[in-house]
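Only the coordinates and a few stated rules stand behind these numbers; no lab work does. All of these numbers come straight from a predicted model, not from anything done at the bench. Neighbour counts run over all protein chains shown; Cβ positions are idealised from the backbone, glycine included.
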């Protein structure tokens, strides 16, 4: 209840501020230059003016104002000039010459576009694809006043036909680099897009070229570049006024069709805030689950299954550093601060060769660059967590710091409950992120990121569990010249958990587990020519795992201190890939990665004969290895090959092959991932996992990118997947190999995606039919499961349908809905029961022969943006959501227990009732 | 040393976590056996006690059935130390040794079963270390579930060879019929509806009940410096449980198990315990140490276990630990009522008496002829504990 009052209070406060009238000014002007007057207004108020100096040259104004609203002052001053103005976001005044900017489209704007398609200037072509008319931004005449710059001097005997132009594009307002901005050379079909640092390179023909830029949320520009030598042209872009309208300019609208990679998902970080998620937590991982091919075993399970892969087969990178368990609260929330994320790309196969070491996917998450112009921030207040992220410029346009923190206050809720059992439960978590960006000079920049997350929970009074992720990374970007660039990354990651037990008897203990990895990556990029772009480099990773340590706690404890010796391994790889444009229609992405893994000492490895199962009885001996002595090496080439062919405009077919090797594995005897799963390196007895995947897909954009359709199929074979003997004990076990089975995996599926990117109603529908199978057919009885036949994995959910829809009523109000349907996951079901030791027990036979009932869920949310009034504290966003609006009691698992000697069957579910939430987000 | 790791079953205690408690739920799931598999079940624990040893054979049965299906007509023998011990079926599925014997140290034993021409045998099993229970204590405790009695075991093996302990218990306790009266009603004349209040010479006020442990209770000291079981709680009885309402006795049997047997029982216990909501262990067929010679693919449920056993018994009364008297009773539904003698030509009260369904409680002070009867009565179980308990005082019982 307190909570609600708090939120309401905020609400009133906010409206109180917003309704204050706009600022007033007293000013007396006598035939003064307009520029001077503007400077004075800027000084006295928060208003900022944007204009080109030439426009105002020679304009003098006169006027006397007493306590007059600023906009009125501006209006009066400009009455007799050729200058128009427009006020944006309350305090940004945009001056234009002869051009009136409105926030409404002229009538018949769209139909006009269709009638007059042959307007030369707007008819830009890029590759095979015409830039659709509806993307042309609303401009009046302004395009004719293109800027012109000259680079170099015309030399009489110049034999070069082309020159390179490069540069960086930043936003005029915040100075942040603009990525994914399209630059096109008018009339040639040539073009490029800016990378994440806003950098671009273009090959221009000698002489004049007209360069057009188009980007999401920015005003289009048109510049005539007369080029006579290699050179640089940096551009600052004004925010587009169109961003306030329903016409959204998209920069990468055709990326899905053009790109040669299959199975790539780029998550639109801005848009996910509209998706209703559990307890109002904005979460890109949860949003990813609405995409085809990505699923979890259930609501309360950490870890993701990508295209039928295991949860340990995902490389989750945050600013190039690995996050081992990005989950809070058993996976109900993900552990990366959503406000810090700039970009998230998921590779479900066809993984770029610069990444490796995991079989199924790469989650490449990049934090955003901090604001280098002014202090800004974002925050949210929800029922479970509070979150605040601040961006602080250190040196204007040079460096910035971003700090963010999120913490739960659920303990407070738990303690106020009446239920005694819950009163004694605890669950808390927090995560912190810090980032430093520094632009050293035009060729060098540095990003440093630090991340920490911590969870603690206890259920019974006698034990406390906790786990943490730690990550630090440092990236140095260097530009040698227009063709060559370098990125050097140093990173360190760690994961660990602990169990503290304090019971009644003499066995109180503290148990700890942790693993670390340190890595160095050097990546070069070379634009050889128009056809070839190379990426190459090397990566080396040192793993250390401390598999477990137990210590007695308290003087009465008789627990023997025990430490399982640490494991060490070095994984290194060389990689080379070429983006090869064969012709306008055919594009290849070819890459090879050669990885080499060495398990290193100090270690003691057990040996077993080949013709007997591995167990304590068959062990033949032990081999001791000195520090850094190589125990065993594994490795091999990993190939990534894909091709894209245009079947028509906005229509392509892609095919790909990819094989991967994984040297580090999780140990879990549970059916779903848990925070106390440990990691294990390949060694003398545990083989690396291997996978190869073939995929084929069709991609089509309709209506100028308004609709995206894709259909992808894949087939994946895996080897040496880890599984466990029945009743395996994995924690604090030195001889893990005696509990482990290694088997083959097989997964295949077809994924359909229909997406509407814009409009009042937007969203997507994702459907996949997929299977994920495993075969455990060892040579010995104890290594055979289900008779050595393929059977469904614990996360095999053939039908998976997600629908995400968002409807905008007005600019401020929108409603969203998600619907999810999935086949129930497989469970092992008893084949009978028996009486033993005075009690009934069930007997299990074949694994995963039964499925729990199907899963479906509907979530709804209603979102309200703050007003666009002048002078307010912050831009705000309210979201009211209902998770599981149908109240469907989706079973998470079905299990059988012996209670008082009798068998009882139960189903458990995580969110069995509708969960309403109200969340307040703000941005300043 | 043993490859088997240390046991931290504690982490399996994660049964529910807070948020789940608010939003999630666990509810019964209607089941039926989908693909019933008929298998032989062998329950054979031979101890070092010199006695008639017992082996139980049965078959698995479908989930929706509630009766044991005994496996009759098998021939069973145990070989060990150049001896053959044969067993005979004493009642369906129960096989007892033809001679008394106890497992001896340093001897390998093997179980052999023949049934319908199929033969089965177990791995060779040795008797583990024999370790005595040093102490058995009853104490009142307060834990997160409230006030309770706890039974603690202490045991110490200076040789350090025991390590794996399993416990069973038998509890015997006195029960008292809550509405026992000195008088009861009889029907003197079978042809009439009339009843008569006489001295009650058939109902029993105080009886004894016996119950057996039906969970797997294990404790391992393999992670402790000393092979020392200290204050291990084998039994927790809530304060308001009727079994400790009067006088209570518990016999605890401590088995020392081999590593393999311990692991088998532990896995069985894990599979049958409350699952963690957020992570469930992967169940599967639990392979014991008995295999078929005839058909190697045949699955046999159960384990041939040779255990050393030590036992101890204690007694206590409710008021040794708690103030006042316990109000808990073995029966709850003791609402009294006053049945009509008859209605029309149908007898009511006498019929209930003839069915031995009721006991006299008191005279009906507000007797209204035609509306109710002259005597208030209670269900028989409320006035006569022999419905559920034994009348005879057990031989071991000490007041």
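General remarks:
- Value in Å of the Kirkwood radius, where chain B supplies the Cα pairs that are averaged: 25.3 Å
- P(r) tail fraction, region A:719-809 - alpha-carbon pairs more than 17 Å apart, %: 63 percent
- Computed packing ranks the peptides A:751-761, A:901-911, B:255-265 as B:255-265, A:901-911, A:751-761, most packed first, by mean other Cβ atoms within 10 Å.
- In chain A, the longest principal axis of the Cα atoms and the axis of helix A:34-44 are about 40 degrees apart.
- Taking 4 °C and 1.567 mPa s as conditions, region A:252-395 diffuses translationally at an estimated 80 µm²/s according to Stokes-Einstein applied to its Kirkwood radius (Cα pairs).
- Relative packing of peptides B:240-251, A:348-359, B:80-91 - highest average C-beta neighbours within 10 Å first: A:348-359, B:240-251, B:80-91
- Rotationally averaged projected area of region A:601-640 (alpha carbon convex hull; nm²): 4.5 nm²
- Projected area, mean over directions - region B:257-399, Cα convex hull, nm²: 19.9 nm²
- With Cα atoms defining each centre, region A:698-747 and region B:355-386 are spaced 70 Å apart in the structure.
- Extended-chain gain in nm, criterion 0.36 nm per residue less alpha-carbon gap, residue B:124 and residue B:390: 91.6 nm
- Reported to the nearest whole Å, the Cα centre-to-centre distance from region A:520-580 to region A:764-821 is 29.
- Once the Cα atoms are used to define both axes, helix A:2-18 deviates from the longest principal axis of chain A by about 10 degrees.
- Across peptide A:329-338, the average count of Cβ atoms from other chains found within 10 Å of a residue's Cβ is 2.
- For region A:765-924: relative contact order, % (alpha-carbon pairs under 8 angstrom, 6 or more apart): 17 percent
- Region B:210-331: proportion of alpha-carbon pairs further apart than 16 angstrom, %: 74 percent
- Rounded to 0.05, the FRET efficiency of the residue A:687 and residue B:298 pair, given R0 = 25 Å and the Cβ-Cβ distance, is 0.20.
- Helix-only mean residue ellipticity at 222 nm for chain A, each DSSP H run of n ≥ 4 adding -39500 (n - 2.57), per residue, nearest 500: -2000 deg cm²/dmol
- Size descriptors for region A:797-924, from the alpha-carbon set: Rg then Dmax equal 22.6, 77 Å.
- Cα extents for region A:636-752 along the principal axes, largest to smallest and rounded to whole angstrom: 60, 30, 18.
- For chain B, the 222 nm mean residue ellipticity estimated from helices alone, with every DSSP H stretch of n ≥ 4 adding -39500 (n - 2.57) and the total spread over all residues, rounds to -2000 deg cm²/dmol.
- The alpha carbon convex hull volume per residue for the protein assembly as shown rounds to 241 Å³.
- C-alpha long axis of helix B:259-272 to longest principal axis of chain B, angle in °: 40 degrees
- Taking every residue in B:222-234 and counting other chain Cβ atoms within 10 Å of its Cβ, the average works out to 4.
- Volume in Å³ per residue [convex hull over Cα atoms, computed for region B:89-151]: 240 Å³
- Whole-Å distance, taken between Cα centres, linking region A:441-483 and region B:80-152: 56 Å
- For region B:49-202, the spread of Cα positions along each principal axis, largest first, Å: 72, 50, 35
- Partner shielding of B:204-215 amounts to 2, given as the average count of beta-carbon atoms from other chains within 10 Å of each residue beta-carbon.
- For region A:264-923, fraction of C-alpha pairs farther apart than 46 Å, in %: 17 percent
- Peptides A:509-520, A:385-396 ranked from most to least packed, by the mean per-residue count of other Cβ atoms within 10 Å: A:509-520, A:385-396.
- Debye log10 I(q)/I(0) for region A:766-817, one point scatterer per Cα, at q = 0.13 Å⁻¹: -0.54
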